Amino acid sequence: MKFTFVTLFSNLVEGYFQDSILKRAIDKKILNIEYINPRDYSDNKHSKVDDTAVGGGAGMVMNPQPLFDCLDKLKKEDEEVHIVFLTPVAKPFVQNDAKRLSKKSHIAFVSGRYEGIDERVVEKYADEVFSIGDYILTGGELASLVICDAVSRNIEGVLGNSDSLSIESFETSLLEAPSFSKPKKYDALSVPSEYLKGNHSRIRSLKLALSESKTKFFRPEQLLKYRTRKSYEK
C-alpha cells in the first residue's frame, strides 16, 4: 500500500513513521510513504499558495493552482490513486471506512491549512472527504495521520497478530472490554477473578458484559445499534 501526503509541512508527518508498528511495515515494504509539497508547484514568484477569500471573511484560503498542478501530476503517474481530503465539513471517518480503504493500492491525503482549501480543488479531485471529529485543527496533517494509521492496521502483515483486529472496539458496534496485564494484583487493585480461572466461556461472557457496560456509559448510541442488529439476527 502506498500513502501520499500532500502537505505544506511534511516534517509534521514524517516523525510518526520513525518508530513502532508502521516503521516495521515500511521496513518490510508493506507500506510506502511519499510526500508532495504544493508549494513546489506554485507559479507565483514568491511560491505563495494562499490568497484572500473571495466574498470576504477572515484568514487566507489555499488557492487552486498549486493543488491542481500537483494533483494532476499525481493522477497521471497513478490512475488508481484514491484522493482523500480532510476537513471538518465532511462525513465522519469510522472503522468500516478504515477496513474498506485498506483494500486500496494507493491513497493520497490532501491536508488543508489556513482557512481551508479552495472548494474547486475538492470538487475536481476528491474521491472522498472525511472529518475525524467535531472540532477544528490547525491543519489536516493530524487527521491524515489518524486515517493512515487506522487504515494501515487493517492491511495484511502490518500487525504482528492479525487476530487482535477481531476484538477491537467498533468491530461489533461495542467498545472493547477492559484489558489487564500482570501482575494480578497491584497497589491493592486486582484483575477480575473470573479472568484467572481459565474458563474461557465464562471469560468471554464477562468480557461481553463489561463491553456492553462500557458502551452504555460512553457511547449509548452504539449500544442501541448493537442491540438492534442482534434483534434482527434472531
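Which one is nearest to Gly140 (Cα to Cα), of the residues in region 86-103 that are of a type in the set (A, V, I, L, M, F, W, C) and at pLDDT below 95? Only one residue fits best here, namely Leu86. Candidates Asp40, Asp27: the one that is over 21 Å from Thr87 (Cα atoms), acidic (Asp, Glu) and at pLDDT below 95 is Asp40. Scanning region 100-116 for residues that are surrounded by fewer than 17 Cβ atoms within 10 Å (Cβ to Cβ) and among the charged types (D, E, K, R) gives Arg100, Lys103, Glu115. The single condition from (1) under 15 Å from Leu145 (Cα atoms); (2) surrounded by 16 or more Cβ atoms within 10 Å (Cβ to Cβ); (3) of a type in the set (A, V, I, L, M, F, W, C) that Val49 fails is (1). Which of the residues belonging to region 1-47 are out of contact with any Asp or Glu (no Cβ under 6 Å at 6 or more places or on another chain) and polar (S, T, N, Q)? Scanning region 1-47 gives Ser10, Asn11, Gln18, Ser20, Asn32, Asn37, Ser42, Asn44, Ser47.
May I ask you to verify whether Val54 is loosely packed, with under 13 Cβ neighbours inside 10 Å, under 30 Å from Thr172 (Cα atoms) and hydrophobic (A, V, I, L, M, F, W, C)? It is false that Val54 is loosely packed, with under 13 Cβ neighbours inside 10 Å, under 30 Å from Thr172 (Cα atoms) and hydrophobic (A, V, I, L, M, F, W, C).
Checking Glu34, Glu80 one by one, the residue that is under 28 Å from Ala98 (Cα atoms), loosely packed, with under 14 Cβ neighbours inside 10 Å and within 18 Å of the chain's Cα centre (by Cα) is Glu34 and no other. Just to be sure, is Ile33 under 16 Å from Thr4 (Cα atoms) and in the same structural domain as Glu115 (by TED's automatic domain parsing)? The answer is yes for Ile33.
The values are calculated or read from the model by the stated rules, or taken from the named source; none is laboratory data. Here the structure is a predicted model, which means the values were calculated and not measured. Here Cβ is always computed from backbone atoms with ideal geometry, including for glycine, and neighbour counts include all displayed protein chains.
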